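A quick write-up on the structure given underneath.
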Amino acid sequence: MSEEETDFPIRIRGLTNAFGDFVVHEDLDLDVRRGEILGVVGGSGTGKSVLMRSIIGLQPPVKGDIEVFGHNITQAEPDEVIGVRNRWGVLFQGGALFSTLSVGENVQVPLKQFYPELKQQLLDEISRYKVVLTGLPEDAAAKFPSELSGGMRKRAGLARALALDPELLFLDEPTAGLDPIGGAKFDQLTRELTDTLGLTVFLITHDLDTLYAICDRVAVLADKKVIAVGTIPELLEHDHPWIQEYFNGPRARAASATHERGKALDKHGSEKA
Amino acid sequence: MREWAEYTIEEAGGRATVIITGPLVVSSIGKLDPELRGITDSIQAIDISEAGPIDTVGAWIVFRFSQRTGADIVGASEQAEVLLDAVESAESDAEVSPYRRQTLGRVTEHVGTKVIEFMGGVRSSVAFLGAILIAMASLAIHPRRFRVKALVRQMELVGVSSLPIIGLMSFLIGIVIAQQGAVQLQQFGAETLTVNLVGRITMRELGVLMTAIMVAGRSGSAFAAQIGTMKLTEEIDAMRTIGVSPMEALVIPRILAAVLMMPLLGFYASCIAIIGGAVIGDVMLGIPFWTFLARVQEVVPTYDFWVGMVKAPVFGLIVAMAGCYQGMQVSGNAEEVGLRTTAAVVQAIFMVIVLDAFFAVFFTEIGWA
Ligand SMILES: Nc1ncnc2c1ncn2[C@@H]1O[C@H](COP(=O)(O)OP(=O)(O)OP(=O)(O)O)[C@@H](O)[C@H]1O
Ligand SMILES: [Mg+2]
């Protein structure tokens, strides 16, 4: 059980990914700490999704080592690594729901796969509360993915990712396509689950509000590498032009202001109480 | 070894308390859950202070138990409180699966929908034919919108790339007909008639028919699956919004390609089958290869060739239309693509064979016997 104790559920060393001649990552290093929400940012096409796919073993890297919970992923077959698979949950950028199953049945798939001893009645109950927990209306559980809106599909995908109460959660742009209120709730939910369940979250996002609101650290992907990892104030010190532009652009300033205002309000509220 | 969550009941001062031990997580509650459901005694409290780690599934089980029996939850850690609150707020009793009828009801419902679908199918396939004609007409008026590249590409896929498999199939069919025919005809001392048998049956019937079946399996299914997947991924909708008609861009090139390539493939198949027959004639019957081919020229009337060539484009049209039509009907999920692809192939082959029977009677009646 020594691997349980590692402080880094994900450890990447010297990762190189390429499609033919097109190199996406070159000699990339990254550590994700236990219990943190790591935001991953970078321009479109810098390889965030590809990075996530290689961590979960779907994209065999050209070079380098990836360890998840101390298991080396790169040397395992895509369908192997069963000891690790029930400890993570993945939300794909496109949702990737099973189209012939209803949302509730989608949530039950991983449960049935790993815990065949669970009774159908309990499975139904679990899938129900997971669906509601992710902010979907009750009646969405019996609907097919093709009957849902884009944002609802995202949430259904999250419900399935959370089905096993995993220790490690991969979210690829979870709040893209959600209304701002829904997005904020989603952020809050992620934060709560992280704090109560001790989750570690690998969160790819373009949403600055999400970054400010819930991420403990942020990793910046550019030039085929992780050019910086740290808290937002630390990154603001960084002089890479992309980071400067990203965190000092008009949208970032607005998000930061909102965040400050939110904190002030909180303080105000708690002082009163 | 997995550690399972367990419970004991303790009674003190008229209060029954369920005490839970072991981890309350999804991997360990498989046994506890049915046991807790089975408790029918009156329980006043459920104590989870001795339980190990807890996740939302564990919290759910505790919450549901306390709700059912009215027991108070005691000894919850701070973390457990948060999870209990979370699952309580997320409680729901909505259906998880869409409504599915019992067997008997399902059978009748299924028969009913099939009938309705069939009627609708007849109507919408006529509508589809109409849409094709309209698209053809509008292409005739604006010939510059015609997609030559797509047509050539489809002709390559339908025609050129199927040459090896159709050639091999026809060659073997020619061998089988000649060999089996020769065995029977030898009984009458008429084995030289094998030439007539092979030459006429492949030119008139089998060359085109087998080719149509092969094209239905290779290209008809591909049409249905391609167009069906494009419908699922909203590519077809995207085309419409930018003013590209999917009929003109996808359907017409495929149908034209099949109509143009079928006669060529059918003729090619007939020739290869005759070559197969000639090989058997040489080996089994002692008819020299070239003599066999020369005899074919004498015994096969020209109208046999025309019979095949009239049927071929019609079969091509049917195969391509079935494929494109079924593809355009896809909606909903991935399973539908598979069902529609199957339907495209089955319908195409069925209709080709039915029409072939009509053609056979027709050509005999007009004297091309
Ligand atoms: N299957 C593939 N074959 C070839 N190239 C690919 C493939 N998948 C991704 N790429 C390339 O890899 C690069 C990184 O893609 P990726 O999907 O990781 O981007 P991303 O950072 O997630 O972008 P976004 O923020 O838009 O989701 C892109 O330039 C893309 O063109
Ligand atoms: Mg991406």
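Since every read-out is calculated from the coordinates, none of them should be taken as a lab result. Keep in mind that this is a model prediction, so the values were computed, not measured. In this analysis, Cβ positions are derived from the backbone assuming ideal geometry, glycine residues included, and neighbour counts consider all displayed protein chains.
A few remarks follow.
- Nearest-0.05 FRET efficiency for B:TYR99 and B:THR8, computed from C-beta distance (R0 51 Å): 0.80
- With each label modelled as a point 7 angstrom along the Cα→C-beta vector, the B:PHE146-A:ARG261 pair spans 6.3 nm.
- Calculated mean residue ellipticity, 222 nm, chain A: -12500 deg cm²/dmol, from DSSP H runs (n ≥ 4) at -39500 (n - 2.57) each, averaged per residue and rounded to 500.
- Neighbouring Cβ atoms from other chains, within 10 Å of the Cβ of residues in B:331-338, number 3 on average.
- Counting neighbouring Cβ atoms within 10 Å and putting the fewest first, the residues B:THR291, B:THR17, B:THR194 line up as B:THR291, B:THR17, B:THR194.
- Counts of other chain beta carbons within 10 angstrom of each beta carbon in peptide B:26-39 average 3.
- Rg/Rh for chain B, where both radii come from Cα atoms and Rh is the Kirkwood radius: 1.30
- Scaled to the globular estimate 2.2 N^0.38 Å, the Cα spread of the protein assembly as shown, given as radius of gyration, is 1.32.
- Short-range pairs are left out: with C-alpha atoms under 8 Å and at least six residues apart, the relative contact order of region B:6-89 is 29 percent.
- Inter-label distance for B:LEU163 and B:ALA249, nm, one decimal - labels placed 7 Å from Cα along Cα-to-Cβ: 3.1 nm
- Based on C-alpha pairs under 8 angstrom that are at least 6 apart in sequence, chain B has a relative contact order of 16 percent.
- Think of it as helices only: each DSSP H run of n ≥ 4 in chain B is worth -39500 (n - 2.57), and spread over all residues that comes to -22000 deg cm²/dmol at 222 nm.
- Normalising by residue count, region B:1-136 has a Cα convex hull of 217 Å³ per residue.
- Considering only A:LEU178, A:LEU236, A:LEU221, and ranking their Cα positions along the charge dipole of region A:162-271 that arises from unit charges at the beta-carbon of Lys, Arg, Asp and Glu, the one farthest toward the positive end is A:LEU236.
- Separation of region B:261-326 and region A:1-69, taken as the distance between their Cα centroids, equals 59 angstrom.
- Förster-model FRET efficiency, 41 Å R0, B:THR108 and A:GLN120, C-beta, rounded to 0.05: 0.95
- Total formal charge among the other residues, if their Cβ is under 15 angstrom from that of A:VAL62, Lys/Arg +1 and Asp/Glu -1: +1
- Tensor-based shape of chain A (alpha-carbon gyration tensor, a/c under 1.5 rounded, otherwise prolate or oblate): oblate
- Remark: relative contact order (chain A) = 23 percent; criterion is Cα-Cα distance under 8 angstrom and separation of 6 or more residues.
- Take each residue in B:51-58, count the other chain C-beta atoms within 10 Å of its C-beta, and the mean is 4.
- Likely footprinting exposure, B:LEU250, A:LEU101, fewest C-beta neighbours within 10 Å first: A:LEU101, B:LEU250
- Calculated FRET efficiency, A:PHE22 to B:ASP237, Cβ-Cβ distance, R0 = 51 Å: about 0.95 to the nearest 0.05.
- Residue exposure sequence - B:THR8, B:THR211, A:THR134 - by fewest surrounding Cβ within 10 Å: B:THR8, A:THR134, B:THR211
- Counted charge near B:GLU117, where neighbours are those whose Cβ lies closer than 14 Å (Asp, Glu -1; Lys, Arg +1): +1
- Restricting the trypsin sites (Lys or Arg not before Pro) of region A:106-194 to loop positions (DSSP other than H, G, I, E, B) with no more than 16 neighbouring Cβ atoms within 10 Å leaves A:LYS119.
- Beta bridges assigned by DSSP with both partners in region B:1-88 are antiparallel in approximately 45 percent of cases.
- Helix screen, chain B: DSSP H segments with Cα axial length of 30 Å or more and mean Kyte-Doolittle hydropathy at least -0.5 are B:103-141, B:163-186, B:252-280, B:302-328, B:334-365.
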